[in-house]
Amino acid sequence: MKVVSFCSFFLLLEFLFVAAEDPYRFFDWTITYGDIYPLGVKQQGILINGQFPGPEIYSVTNDNLIINVHNNLPEPFLLTWSGVQQRRNSYEDGVYGTTCPIPPGKNFTYTLQVKDQIGSFFYFPSLAFHKAAGGFGGIKILSRPRIPVPFPEPADDFTLLIGDWYQIDHKKLKRVLDFGHRLPFPQAVVINGRANGTKLAVEQGKTYRLRISNVGLQNTLNLRIQGHSMKLVEVEGTHTLQTTYSSLDVHVGQSYSVLITADQAPKDYYIAVSTRFTNKILTSTAILHYSNSQQPVSGPIPAGPTTQIEWSLEQARTIRTNLTASGPRPNPQGSYHYGMINISRTITLESSAAQVNKKQRYAVNSVSFLPADTPLKLADYFNISGVFKVGSIPDSPSGKPMYLDTSVMGADFRAFVEIVFQNHESIVQSWHIDGYSFWVVGMDGGLWTPNSRNQYNLRDAVSRCTTQVYPKSWTAIYVALDNVGMWNVRSEFWARQYLGQQFYLRVYSPVGSIRDEYPIPSNALLCGKASGRTIRSL
(Lines give C-alpha, C1' and ligand atoms only; values in the text may rest on other atoms or scores of the structure.)
Protein backbone atom coordinates (compact mmCIF):
# COMPACT_ATOMS: atom_id res chain seq x y z
CA MET A 1 0.00 0.00 0.00
CA LYS A 2 1.30 3.44 -0.93
CA VAL A 3 2.15 5.63 2.08
CA VAL A 4 1.72 9.38 1.84
CA SER A 5 4.78 11.13 3.30
CA PHE A 6 4.46 13.90 5.88
CA CYS A 7 5.89 16.28 3.29
CA SER A 8 3.21 15.35 0.73
CA PHE A 9 0.53 15.55 3.44
CA PHE A 10 1.50 19.08 4.40
CA LEU A 11 1.74 20.08 0.72
CA LEU A 12 -1.80 18.81 0.28
CA LEU A 13 -2.97 20.82 3.29
CA GLU A 14 -1.23 23.87 1.88
CA PHE A 15 -2.92 23.37 -1.49
CA LEU A 16 -6.35 23.00 0.12
CA PHE A 17 -5.78 26.08 2.26
CA VAL A 18 -4.68 28.23 -0.69
CA ALA A 19 -7.47 26.95 -2.92
CA ALA A 20 -10.01 27.73 -0.21
CA GLU A 21 -8.97 31.39 -0.29
CA ASP A 22 -9.92 31.79 -3.96
CA PRO A 23 -13.58 32.57 -4.73
CA TYR A 24 -15.97 29.93 -6.06
CA ARG A 25 -18.50 30.51 -8.81
CA PHE A 26 -21.25 27.94 -9.33
CA PHE A 27 -23.05 27.14 -12.58
CA ASP A 28 -25.84 24.64 -13.19
CA TRP A 29 -26.39 23.88 -16.86
CA THR A 30 -28.92 21.67 -18.63
CA ILE A 31 -28.06 20.57 -22.18
CA THR A 32 -31.00 19.99 -24.54
CA TYR A 33 -31.91 20.05 -28.19
CA GLY A 34 -34.25 22.86 -29.17
CA ASP A 35 -35.40 25.09 -32.00
CA ILE A 36 -33.00 27.82 -33.08
CA TYR A 37 -33.28 30.36 -35.92
CA PRO A 38 -29.75 31.56 -36.80
CA LEU A 39 -30.65 32.03 -40.49
CA GLY A 40 -34.29 32.97 -39.90
CA VAL A 41 -35.64 29.46 -40.40
CA LYS A 42 -36.07 26.75 -37.77
CA GLN A 43 -33.38 24.15 -37.22
CA GLN A 44 -32.36 21.93 -34.35
CA GLY A 45 -29.62 23.27 -32.11
CA ILE A 46 -27.95 22.57 -28.78
CA LEU A 47 -29.23 24.80 -25.98
CA ILE A 48 -27.70 25.40 -22.55
CA ASN A 49 -30.41 26.35 -20.06
CA GLY A 50 -32.57 27.10 -23.10
CA GLN A 51 -30.04 29.56 -24.54
CA PHE A 52 -28.26 29.74 -27.88
CA PRO A 53 -25.44 30.73 -27.68
CA GLY A 54 -24.92 29.39 -24.17
CA PRO A 55 -24.49 31.42 -20.97
CA GLU A 56 -21.37 33.51 -20.59
CA ILE A 57 -18.86 32.53 -17.91
CA TYR A 58 -17.77 35.62 -15.99
CA SER A 59 -14.79 35.09 -13.72
CA VAL A 60 -11.69 36.65 -12.17
CA THR A 61 -8.11 35.34 -12.08
CA ASN A 62 -7.79 32.24 -9.85
CA ASP A 63 -11.56 31.78 -9.43
CA ASN A 64 -12.75 28.22 -8.96
CA LEU A 65 -15.53 27.39 -11.43
CA ILE A 66 -17.93 24.62 -10.41
CA ILE A 67 -20.00 23.77 -13.50
CA ASN A 68 -22.62 21.05 -13.12
CA VAL A 69 -23.63 19.84 -16.59
CA HIS A 70 -26.84 17.79 -16.99
CA ASN A 71 -26.87 15.95 -20.31
CA ASN A 72 -30.46 15.74 -21.55
CA LEU A 73 -29.40 14.82 -25.08
CA PRO A 74 -30.07 11.26 -26.29
CA GLU A 75 -26.31 10.74 -26.82
CA PRO A 76 -23.08 11.30 -24.86
CA PHE A 77 -21.85 14.87 -24.49
CA LEU A 78 -18.73 16.78 -23.41
CA LEU A 79 -17.77 20.44 -23.12
CA THR A 80 -14.21 21.68 -23.50
CA TRP A 81 -12.88 25.05 -22.35
CA SER A 82 -10.73 26.44 -25.14
CA GLY A 83 -7.81 28.43 -23.73
CA VAL A 84 -8.43 27.57 -20.06
CA GLN A 85 -5.15 25.95 -19.14
CA GLN A 86 -6.42 23.48 -16.52
CA ARG A 87 -3.18 23.85 -14.58
CA ARG A 88 -2.07 20.38 -13.36
CA ASN A 89 -5.60 19.15 -14.07
CA SER A 90 -6.03 17.72 -17.57
CA TYR A 91 -8.75 15.41 -16.21
CA GLU A 92 -11.16 18.37 -16.52
CA ASP A 93 -10.19 19.32 -20.07
CA GLY A 94 -13.38 17.94 -21.59
CA VAL A 95 -11.99 16.17 -24.67
CA TYR A 96 -12.30 12.43 -25.19
CA GLY A 97 -8.60 11.82 -24.63
CA THR A 98 -8.93 13.04 -21.03
CA THR A 99 -12.56 12.84 -19.92
CA CYS A 100 -15.28 10.21 -20.25
CA PRO A 101 -18.39 11.52 -22.04
CA ILE A 102 -21.42 12.37 -19.91
CA PRO A 103 -23.99 9.63 -20.64
CA PRO A 104 -27.55 10.59 -21.68
CA GLY A 105 -29.66 11.51 -18.68
CA LYS A 106 -26.61 11.88 -16.39
CA ASN A 107 -24.64 14.81 -15.07
CA PHE A 108 -21.01 15.63 -14.41
CA THR A 109 -19.56 18.50 -12.41
CA TYR A 110 -16.48 20.14 -13.87
CA THR A 111 -14.19 21.69 -11.26
CA LEU A 112 -11.94 24.21 -12.99
CA GLN A 113 -9.63 26.92 -11.73
CA VAL A 114 -8.67 29.79 -14.01
CA LYS A 115 -5.27 29.76 -12.34
CA ASP A 116 -2.99 32.69 -13.21
CA GLN A 117 -5.04 33.61 -16.26
CA ILE A 118 -6.78 36.65 -17.67
CA GLY A 119 -8.43 37.25 -21.02
CA SER A 120 -11.00 36.16 -23.56
CA PHE A 121 -11.81 32.53 -24.33
CA PHE A 122 -14.80 30.30 -25.11
CA TYR A 123 -16.23 26.84 -24.49
CA PHE A 124 -17.84 24.42 -26.95
CA PRO A 125 -18.95 20.75 -27.34
CA SER A 126 -16.08 18.45 -28.29
CA LEU A 127 -17.85 15.21 -29.33
CA ALA A 128 -19.82 13.88 -32.29
CA PHE A 129 -19.66 17.07 -34.37
CA HIS A 130 -21.92 18.79 -31.79
CA LYS A 131 -19.95 21.98 -32.39
CA ALA A 132 -21.94 22.46 -35.62
CA ALA A 133 -25.16 22.63 -33.58
CA GLY A 134 -24.24 25.27 -30.99
CA GLY A 135 -23.52 24.65 -27.33
CA PHE A 136 -20.81 27.32 -27.31
CA GLY A 137 -20.40 30.43 -25.18
CA GLY A 138 -17.89 33.06 -24.09
CA ILE A 139 -15.49 32.99 -21.15
CA LYS A 140 -14.29 36.25 -19.58
CA ILE A 141 -11.44 36.15 -17.07
CA LEU A 142 -10.94 39.58 -15.53
CA SER A 143 -7.84 40.79 -13.71
CA ARG A 144 -7.92 40.94 -9.94
CA PRO A 145 -8.77 44.45 -8.67
CA ARG A 146 -5.23 45.23 -7.48
CA ILE A 147 -3.56 44.23 -10.76
CA PRO A 148 -3.28 47.20 -13.16
CA VAL A 149 -4.80 46.84 -16.62
CA PRO A 150 -3.07 48.84 -19.40
CA PHE A 151 -6.18 50.77 -20.48
CA PRO A 152 -9.01 52.63 -18.71
CA GLU A 153 -12.00 50.55 -17.68
CA PRO A 154 -14.45 50.50 -20.62
CA ALA A 155 -18.05 51.60 -20.30
CA ASP A 156 -19.16 48.05 -21.12
CA ASP A 157 -17.74 44.72 -22.20
CA PHE A 158 -19.39 42.83 -25.08
CA THR A 159 -18.75 39.31 -26.38
CA LEU A 160 -19.00 38.63 -30.12
CA LEU A 161 -19.06 34.94 -31.02
CA ILE A 162 -18.58 34.73 -34.77
CA GLY A 163 -18.39 31.66 -36.98
CA ASP A 164 -19.36 30.01 -40.22
CA TRP A 165 -22.67 28.18 -40.06
CA TYR A 166 -24.53 25.33 -41.75
CA GLN A 167 -28.28 25.18 -42.08
CA ILE A 168 -27.73 21.43 -42.54
CA ASP A 169 -28.38 19.40 -39.38
CA HIS A 170 -25.15 18.53 -37.55
CA LYS A 171 -26.03 14.82 -37.60
CA LYS A 172 -26.20 14.92 -41.40
CA LEU A 173 -22.85 16.71 -41.51
CA LYS A 174 -21.39 14.01 -39.30
CA ARG A 175 -22.73 11.30 -41.62
CA VAL A 176 -21.11 13.07 -44.59
CA LEU A 177 -17.77 12.77 -42.80
CA ASP A 178 -18.42 9.22 -41.58
CA PHE A 179 -19.10 8.11 -45.16
CA GLY A 180 -15.72 9.48 -46.22
CA HIS A 181 -16.67 12.75 -47.88
CA ARG A 182 -15.70 16.38 -47.36
CA LEU A 183 -18.07 19.00 -46.00
CA PRO A 184 -19.82 21.34 -48.41
CA PHE A 185 -19.31 25.10 -48.21
CA PRO A 186 -21.24 26.66 -45.28
CA GLN A 187 -24.44 28.62 -45.80
CA ALA A 188 -23.71 31.73 -43.73
CA VAL A 189 -21.75 33.51 -41.03
CA VAL A 190 -23.39 34.07 -37.65
CA ILE A 191 -22.74 36.73 -35.02
CA ASN A 192 -23.91 35.71 -31.54
CA GLY A 193 -26.10 33.04 -33.09
CA ARG A 194 -27.72 35.19 -35.78
CA ALA A 195 -26.77 35.87 -39.39
CA ASN A 196 -28.23 39.37 -39.09
CA GLY A 197 -29.91 41.40 -36.37
CA THR A 198 -27.51 41.29 -33.40
CA LYS A 199 -27.34 44.79 -31.87
CA LEU A 200 -24.79 46.40 -29.53
CA ALA A 201 -26.02 49.56 -27.79
CA VAL A 202 -23.44 52.27 -27.00
CA GLU A 203 -23.44 55.83 -25.75
CA GLN A 204 -21.74 58.58 -27.71
CA GLY A 205 -18.27 59.46 -26.47
CA LYS A 206 -17.72 56.30 -24.45
CA THR A 207 -15.25 53.46 -25.07
CA TYR A 208 -16.23 49.79 -25.13
CA ARG A 209 -14.46 46.44 -25.12
CA LEU A 210 -15.37 43.80 -27.69
CA ARG A 211 -14.22 40.23 -27.05
CA ILE A 212 -14.27 38.48 -30.42
CA SER A 213 -14.00 34.69 -30.75
CA ASN A 214 -14.19 32.64 -33.94
CA VAL A 215 -16.25 29.62 -32.82
CA GLY A 216 -16.83 28.36 -36.37
CA LEU A 217 -15.88 25.12 -38.07
CA GLN A 218 -13.32 26.05 -40.71
CA ASN A 219 -13.23 29.61 -42.06
CA THR A 220 -11.08 32.58 -41.16
CA LEU A 221 -13.32 35.61 -40.66
CA ASN A 222 -12.62 39.31 -40.98
CA LEU A 223 -14.40 41.83 -38.76
CA ARG A 224 -14.75 45.59 -39.25
CA ILE A 225 -17.05 48.34 -37.95
CA GLN A 226 -18.41 51.00 -40.28
CA GLY A 227 -16.78 54.38 -39.56
CA HIS A 228 -14.88 53.11 -36.50
CA SER A 229 -11.38 51.85 -35.78
CA MET A 230 -10.45 49.05 -33.36
CA LYS A 231 -7.58 49.17 -30.89
CA LEU A 232 -6.26 45.70 -30.11
CA VAL A 233 -5.57 45.23 -26.37
CA GLU A 234 -5.59 41.49 -25.62
CA VAL A 235 -5.17 38.14 -27.40
CA GLU A 236 -6.08 34.91 -25.57
CA GLY A 237 -4.82 36.12 -22.21
CA THR A 238 -1.94 38.35 -23.34
CA HIS A 239 -2.08 42.16 -23.23
CA THR A 240 -0.81 43.35 -26.61
CA LEU A 241 0.75 46.45 -28.04
CA GLN A 242 -2.21 48.71 -28.62
CA THR A 243 -2.22 48.77 -32.40
CA THR A 244 -5.19 50.27 -34.27
CA TYR A 245 -6.84 48.36 -37.12
CA SER A 246 -9.67 49.13 -39.52
CA SER A 247 -10.36 45.40 -39.86
CA LEU A 248 -9.16 42.29 -38.09
CA ASP A 249 -8.62 38.71 -39.26
CA VAL A 250 -9.80 36.14 -36.70
CA HIS A 251 -8.79 32.59 -37.56
CA VAL A 252 -10.76 29.56 -36.40
CA GLY A 253 -10.51 29.07 -32.64
CA GLN A 254 -8.87 32.43 -31.97
CA SER A 255 -10.00 35.18 -29.57
CA TYR A 256 -9.20 38.90 -29.53
CA SER A 257 -10.16 41.92 -27.42
CA VAL A 258 -10.45 45.35 -29.03
CA LEU A 259 -11.50 48.77 -27.78
CA ILE A 260 -13.85 50.92 -29.84
CA THR A 261 -14.89 54.49 -29.08
CA ALA A 262 -18.35 55.74 -30.04
CA ASP A 263 -16.92 58.97 -31.49
CA GLN A 264 -18.96 59.27 -34.68
CA ALA A 265 -22.23 61.02 -35.55
CA PRO A 266 -25.25 59.66 -33.64
CA LYS A 267 -26.64 56.94 -35.92
CA ASP A 268 -26.43 53.20 -36.40
CA TYR A 269 -23.40 51.53 -37.98
CA TYR A 270 -22.70 48.14 -39.53
CA ILE A 271 -20.54 45.57 -37.80
CA ALA A 272 -19.53 43.39 -40.75
CA VAL A 273 -18.07 39.86 -40.62
CA SER A 274 -17.09 38.00 -43.77
CA THR A 275 -15.17 34.91 -44.81
CA ARG A 276 -11.54 35.13 -45.89
CA PHE A 277 -9.63 33.13 -48.49
CA THR A 278 -12.82 31.70 -50.05
CA ASN A 279 -13.97 31.97 -53.67
CA LYS A 280 -17.47 32.80 -52.50
CA ILE A 281 -17.53 35.51 -49.84
CA LEU A 282 -20.14 35.16 -47.10
CA THR A 283 -20.97 38.34 -45.16
CA SER A 284 -23.24 38.94 -42.18
CA THR A 285 -23.86 42.10 -40.18
CA ALA A 286 -24.70 43.26 -36.69
CA ILE A 287 -25.59 46.80 -35.65
CA LEU A 288 -23.62 49.24 -33.51
CA HIS A 289 -26.49 51.35 -32.15
CA TYR A 290 -25.85 54.77 -30.63
CA SER A 291 -28.35 55.45 -27.84
CA ASN A 292 -29.00 58.92 -29.30
CA SER A 293 -29.15 57.61 -32.85
CA GLN A 294 -30.75 59.99 -35.35
CA GLN A 295 -31.03 57.50 -38.23
CA PRO A 296 -30.91 53.78 -38.96
CA VAL A 297 -27.94 52.03 -40.52
CA SER A 298 -27.27 53.19 -44.08
CA GLY A 299 -24.69 53.18 -46.82
CA PRO A 300 -22.73 50.25 -48.19
CA ILE A 301 -21.55 47.49 -45.88
CA PRO A 302 -17.84 48.19 -45.28
CA ALA A 303 -15.70 46.02 -47.54
CA GLY A 304 -12.88 43.94 -46.12
CA PRO A 305 -9.95 41.99 -47.49
CA THR A 306 -10.87 38.82 -49.37
CA THR A 307 -8.12 36.45 -50.52
CA GLN A 308 -4.97 38.49 -49.81
CA ILE A 309 -2.59 36.25 -47.87
CA GLU A 310 0.23 38.79 -47.58
CA TRP A 311 -2.13 41.35 -46.00
CA SER A 312 -3.10 38.86 -43.29
CA LEU A 313 0.50 37.78 -42.70
CA GLU A 314 1.64 41.36 -42.24
CA GLN A 315 -1.20 42.04 -39.80
CA ALA A 316 -0.26 38.91 -37.82
CA ARG A 317 3.31 40.14 -37.47
CA THR A 318 2.10 43.39 -35.88
CA ILE A 319 0.37 41.52 -33.03
CA ARG A 320 2.93 41.57 -30.22
CA THR A 321 3.07 41.42 -26.45
CA ASN A 322 2.90 44.59 -24.35
CA LEU A 323 6.04 44.10 -22.25
CA THR A 324 5.16 46.95 -19.87
CA ALA A 325 1.76 45.50 -18.90
CA SER A 326 0.99 43.20 -16.01
CA GLY A 327 -0.52 39.82 -16.74
CA PRO A 328 -2.52 37.90 -14.11
CA ARG A 329 0.21 38.73 -11.60
CA PRO A 330 1.72 42.13 -10.82
CA ASN A 331 5.03 41.40 -12.53
CA PRO A 332 5.17 42.51 -16.19
CA GLN A 333 4.32 39.89 -18.78
CA GLY A 334 7.65 40.43 -20.50
CA SER A 335 9.72 39.49 -17.46
CA TYR A 336 9.82 35.88 -18.73
CA HIS A 337 12.63 36.11 -21.28
CA TYR A 338 11.63 33.22 -23.52
CA GLY A 339 14.14 34.23 -26.19
CA MET A 340 17.09 33.57 -23.86
CA ILE A 341 16.16 29.96 -23.02
CA ASN A 342 17.90 27.11 -24.81
CA ILE A 343 15.60 24.88 -26.86
CA SER A 344 15.76 21.27 -25.67
CA ARG A 345 13.84 19.76 -28.59
CA THR A 346 12.46 20.67 -32.02
CA ILE A 347 9.18 19.11 -33.16
CA THR A 348 8.04 19.54 -36.76
CA LEU A 349 4.35 18.89 -37.43
CA GLU A 350 3.24 18.47 -41.02
CA SER A 351 -0.41 18.19 -42.01
CA SER A 352 -1.70 16.03 -44.83
CA ALA A 353 -4.95 14.96 -46.46
CA ALA A 354 -5.49 11.58 -48.14
CA GLN A 355 -7.83 8.64 -48.61
CA VAL A 356 -7.47 5.75 -46.18
CA ASN A 357 -9.61 2.68 -46.93
CA LYS A 358 -11.39 4.81 -49.56
CA LYS A 359 -12.46 7.40 -46.99
CA GLN A 360 -11.26 10.95 -46.52
CA ARG A 361 -8.83 11.31 -43.61
CA TYR A 362 -6.43 13.96 -42.29
CA ALA A 363 -3.17 13.43 -40.45
CA VAL A 364 -0.20 14.90 -38.59
CA ASN A 365 3.18 13.47 -39.59
CA SER A 366 1.31 10.77 -41.56
CA VAL A 367 -0.65 9.57 -38.49
CA SER A 368 -4.42 10.00 -38.56
CA PHE A 369 -5.71 9.89 -35.00
CA LEU A 370 -7.93 6.94 -34.10
CA PRO A 371 -9.86 7.42 -30.80
CA ALA A 372 -9.27 4.65 -28.28
CA ASP A 373 -12.02 2.87 -26.37
CA THR A 374 -10.79 4.48 -23.14
CA PRO A 375 -9.76 8.10 -22.47
CA LEU A 376 -5.98 8.18 -22.64
CA LYS A 377 -5.58 10.04 -19.37
CA LEU A 378 -7.55 7.35 -17.51
CA ALA A 379 -5.57 4.58 -19.19
CA ASP A 380 -2.41 6.34 -18.09
CA TYR A 381 -3.61 6.76 -14.51
CA PHE A 382 -4.75 3.14 -14.11
CA ASN A 383 -1.77 1.73 -16.07
CA ILE A 384 -4.09 0.03 -18.55
CA SER A 385 -2.04 -1.52 -21.33
CA GLY A 386 -3.01 -1.72 -24.98
CA VAL A 387 -4.87 1.62 -25.15
CA PHE A 388 -2.06 3.77 -26.52
CA LYS A 389 1.68 3.80 -26.98
CA VAL A 390 3.84 6.81 -26.16
CA GLY A 391 5.86 7.66 -29.25
CA SER A 392 3.21 6.48 -31.72
CA ILE A 393 3.67 9.75 -33.62
CA PRO A 394 7.17 10.89 -34.68
CA ASP A 395 8.75 14.28 -33.93
CA SER A 396 9.08 15.07 -37.62
CA PRO A 397 7.47 14.03 -40.91
CA SER A 398 8.21 10.40 -41.70
CA GLY A 399 7.33 10.41 -45.39
CA LYS A 400 5.18 7.32 -44.86
CA PRO A 401 1.74 6.93 -46.43
CA MET A 402 -1.05 8.00 -44.10
CA TYR A 403 -2.11 5.41 -41.52
CA LEU A 404 -4.43 5.21 -38.49
CA ASP A 405 -3.20 5.06 -34.90
CA THR A 406 -3.97 6.43 -31.44
CA SER A 407 -1.14 8.93 -31.66
CA VAL A 408 0.51 10.08 -28.42
CA MET A 409 3.77 12.03 -28.27
CA GLY A 410 5.81 11.91 -25.08
CA ALA A 411 7.40 15.03 -23.58
CA ASP A 412 9.34 15.81 -20.42
CA PHE A 413 7.97 18.09 -17.75
CA ARG A 414 9.75 21.49 -17.78
CA ALA A 415 11.27 20.96 -21.23
CA PHE A 416 11.44 24.04 -23.44
CA VAL A 417 10.53 23.04 -26.98
CA GLU A 418 10.26 24.52 -30.43
CA ILE A 419 7.31 23.37 -32.55
CA VAL A 420 7.18 24.09 -36.27
CA PHE A 421 3.85 23.75 -38.08
CA GLN A 422 4.64 23.10 -41.75
CA ASN A 423 1.78 23.60 -44.21
CA HIS A 424 2.25 22.26 -47.74
CA GLU A 425 -1.43 22.73 -48.57
CA SER A 426 -3.16 25.67 -50.27
CA ILE A 427 -5.42 26.53 -47.32
CA VAL A 428 -4.91 28.61 -44.19
CA GLN A 429 -4.71 26.25 -41.21
CA SER A 430 -5.37 26.86 -37.53
CA TRP A 431 -3.74 24.88 -34.69
CA HIS A 432 -4.52 24.75 -30.99
CA ILE A 433 -2.74 23.22 -27.98
CA ASP A 434 -4.75 22.53 -24.83
CA GLY A 435 -3.16 23.26 -21.47
CA TYR A 436 -0.76 25.93 -22.71
CA SER A 437 -0.06 29.35 -24.06
CA PHE A 438 2.89 29.47 -26.45
CA TRP A 439 4.97 32.19 -28.08
CA VAL A 440 4.40 32.59 -31.83
CA VAL A 441 8.01 33.42 -32.69
CA GLY A 442 7.84 33.32 -36.48
CA MET A 443 5.81 32.68 -39.61
CA ASP A 444 6.66 32.91 -43.29
CA GLY A 445 6.14 31.31 -46.66
CA GLY A 446 7.97 28.30 -47.99
CA LEU A 447 9.78 25.51 -46.19
CA TRP A 448 11.10 25.99 -42.65
CA THR A 449 14.84 25.39 -42.19
CA PRO A 450 17.13 26.02 -39.20
CA ASN A 451 18.10 29.29 -40.90
CA SER A 452 14.50 30.42 -40.46
CA ARG A 453 15.34 31.03 -36.81
CA ASN A 454 17.25 34.13 -37.88
CA GLN A 455 13.94 35.93 -38.40
CA TYR A 456 12.31 34.85 -35.10
CA ASN A 457 10.91 37.47 -32.75
CA LEU A 458 12.71 36.59 -29.52
CA ARG A 459 11.63 39.67 -27.57
CA ASP A 460 7.89 40.40 -27.68
CA ALA A 461 6.14 37.64 -29.66
CA VAL A 462 2.50 37.24 -28.73
CA SER A 463 1.67 34.41 -26.33
CA ARG A 464 -1.55 32.57 -27.20
CA CYS A 465 -3.11 29.10 -27.50
CA THR A 466 -4.21 29.05 -31.17
CA THR A 467 -2.15 30.05 -34.20
CA GLN A 468 -2.69 30.18 -37.93
CA VAL A 469 -0.40 28.71 -40.60
CA TYR A 470 -0.67 30.30 -44.03
CA PRO A 471 -0.80 28.32 -47.31
CA LYS A 472 2.49 26.69 -48.28
CA SER A 473 4.03 28.34 -45.24
CA TRP A 474 5.30 27.63 -41.73
CA THR A 475 4.65 28.93 -38.24
CA ALA A 476 7.07 28.36 -35.36
CA ILE A 477 6.24 28.49 -31.65
CA TYR A 478 8.10 28.13 -28.38
CA VAL A 479 6.43 26.24 -25.51
CA ALA A 480 7.54 25.89 -21.90
CA LEU A 481 6.14 22.48 -20.93
CA ASP A 482 5.32 23.41 -17.34
CA ASN A 483 1.91 21.73 -17.13
CA VAL A 484 1.85 17.98 -16.49
CA GLY A 485 -0.97 16.09 -18.18
CA MET A 486 -2.38 14.64 -21.38
CA TRP A 487 -3.00 17.53 -23.78
CA ASN A 488 -4.83 17.65 -27.11
CA VAL A 489 -2.94 19.15 -30.07
CA ARG A 490 -5.42 19.64 -32.88
CA SER A 491 -6.47 21.31 -36.07
CA GLU A 492 -9.24 23.81 -35.35
CA PHE A 493 -10.81 22.94 -38.71
CA TRP A 494 -13.37 20.75 -37.03
CA ALA A 495 -13.94 18.29 -39.86
CA ARG A 496 -10.18 17.72 -40.03
CA GLN A 497 -9.98 17.25 -36.26
CA TYR A 498 -12.89 14.79 -36.41
CA LEU A 499 -11.18 12.85 -39.23
CA GLY A 500 -7.82 12.48 -37.52
CA GLN A 501 -5.82 15.72 -37.61
CA GLN A 502 -4.97 15.72 -33.92
CA PHE A 503 -2.83 13.89 -31.37
CA TYR A 504 -2.09 13.99 -27.64
CA LEU A 505 1.01 15.40 -25.96
CA ARG A 506 1.79 13.49 -22.76
CA VAL A 507 3.77 15.84 -20.54
CA TYR A 508 5.16 13.53 -17.90
CA SER A 509 6.87 13.91 -14.52
CA PRO A 510 8.21 10.72 -12.90
CA VAL A 511 8.00 12.26 -9.42
CA GLY A 512 4.23 11.78 -9.06
CA SER A 513 3.91 14.74 -6.71
CA ILE A 514 0.67 16.67 -6.22
CA ARG A 515 2.84 19.76 -6.69
CA ASP A 516 3.09 18.71 -10.34
CA GLU A 517 -0.37 17.23 -10.95
CA TYR A 518 -3.61 17.05 -8.99
CA PRO A 519 -5.06 13.64 -8.10
CA ILE A 520 -7.80 12.21 -10.29
CA PRO A 521 -11.11 13.91 -9.34
CA SER A 522 -13.21 11.87 -6.94
CA ASN A 523 -16.23 12.32 -9.24
CA ALA A 524 -14.39 11.29 -12.42
CA LEU A 525 -16.55 9.30 -14.82
CA LEU A 526 -15.05 5.92 -15.68
CA CYS A 527 -15.65 4.29 -19.05
CA GLY A 528 -14.09 1.82 -21.46
CA LYS A 529 -11.38 -0.32 -19.88
CA ALA A 530 -11.43 2.01 -16.84
CA SER A 531 -15.00 1.01 -15.95
CA GLY A 532 -15.30 -0.47 -12.47
CA ARG A 533 -11.90 0.76 -11.31
CA THR A 534 -11.51 2.31 -7.88
CA ILE A 535 -10.44 5.91 -7.42
CA ARG A 536 -8.28 6.17 -4.32
CA SER A 537 -8.57 9.35 -2.31
CA LEU A 538 -5.59 10.75 -0.42
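Against the conditions (1) under 27 Å from residue 327 (Cα atoms); (2) surrounded by fewer than 23 Cβ atoms within 10 Å (Cβ to Cβ), residue 139 satisfies every one except (2). Of all residues in the range 159-183, those satisfying the criterion of being closer than 30 Å to residue 288 by Cβ and crowded, with 17+ Cβ neighbours inside 10 Å are 159, 160, 161, 162, 163, 164, 165, 166.
Tell me which residues, restricted to the range 107-116, are surrounded by fewer than 24 Cβ atoms within 10 Å (Cβ to Cβ) and in a loop (DSSP other than H, G, I, E, B). The answer is 115, 116. Considering only residues in the range 286-345 that are open to solvent by 50 Å² or more (accessible area, probe 1.4 Å), touching a Pro at 6+ places or on another chain (Cβ under 7 Å) and not in a loop (DSSP other than H, G, I, E, B), the one that is nearest to residue 219 (Cα to Cα) turns out to be 309. Within the range 445-460, not a single residue is crowded, with 20+ Cβ neighbours inside 10 Å and closer than 29 Å to residue 117 by Cβ. The residues in the range 113-133 that are closer than 20 Å to residue 88 by Cα and over 16 Å from the mean Cα position of the chain (by Cα) can be counted, and the count is 3.
What residue, among those in the range 364-379 that are open to solvent by less than 30 Å² (accessible area, probe 1.4 Å) and in contact with an Asp or Glu (Cβ under 9 Å, 6 or more places away or on another chain), is farthest from residue 86 (Cα to Cα)?
366
The residue of the range 380-394 that is most open to solvent (accessible area, probe 1.4 Å), among those that are of a type in the set (Val, Ile, Thr) and within 25 Å of the chain's Cα centre (by Cα), is 390.
Here is a yes/no grid of residues against (1) over 27 Å from residue 508 (Cα atoms); (2) among the aliphatic types (A, V, I, L, M); (3) outside any strand (DSSP E or B):
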{"position": "399", "(1), (2), (3)": "yes, no, yes"}
{"position": "404", "(1), (2), (3)": "no, yes, no"}
{"position": "410", "(1), (2), (3)": "no, no, no"}
{"position": "414", "(1), (2), (3)": "no, no, yes"}
{"position": "443", "(1), (2), (3)": "yes, yes, no"}
{"position": "452", "(1), (2), (3)": "yes, no, yes"}
{"position": "474", "(1), (2), (3)": "yes, no, no"}
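A quick yes/no check of all residues on (1) farther than 24 Å from residue 468 by Cα; (2) at pLDDT 95 or above; (3) not acidic (Asp, Glu):
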{"position": "322", "(1), (2), (3)": "no, yes, yes"}
{"position": "337", "(1), (2), (3)": "no, no, yes"}
{"position": "360", "(1), (2), (3)": "no, yes, yes"}
{"position": "366", "(1), (2), (3)": "no, yes, yes"}
{"position": "372", "(1), (2), (3)": "yes, yes, yes"}
{"position": "393", "(1), (2), (3)": "no, yes, yes"}
{"position": "421", "(1), (2), (3)": "no, yes, yes"}
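Contact annotation: residue pairs with Cβ atoms under 8 Å, 6 or more positions apart or on different chains, pairing a residue in the range 443-463 that is free of Cβ contacts under 8 Å to residues at least 40 places away in the same chain with a partner that is of a type in the set (Asp, Glu) and outside any loop (DSSP other than H, G, I, E, B), are 452/444; 455/444.
The values are calculated or read from the model by the stated rules, or taken from the named source; none is laboratory data. Source: prediction; values computed, not measured. FYI the Cβ positions are ideal-geometry reconstructions off the backbone, even for glycines, and counts take in every protein chain you see. Heads up: the accessible areas ignore ligands, DNA and RNA and are worked out on the full protein's heavy atoms, side chains in. Shrake-Rupley method; radii C 1.70, N 1.55, O 1.52, S 1.80 Å.
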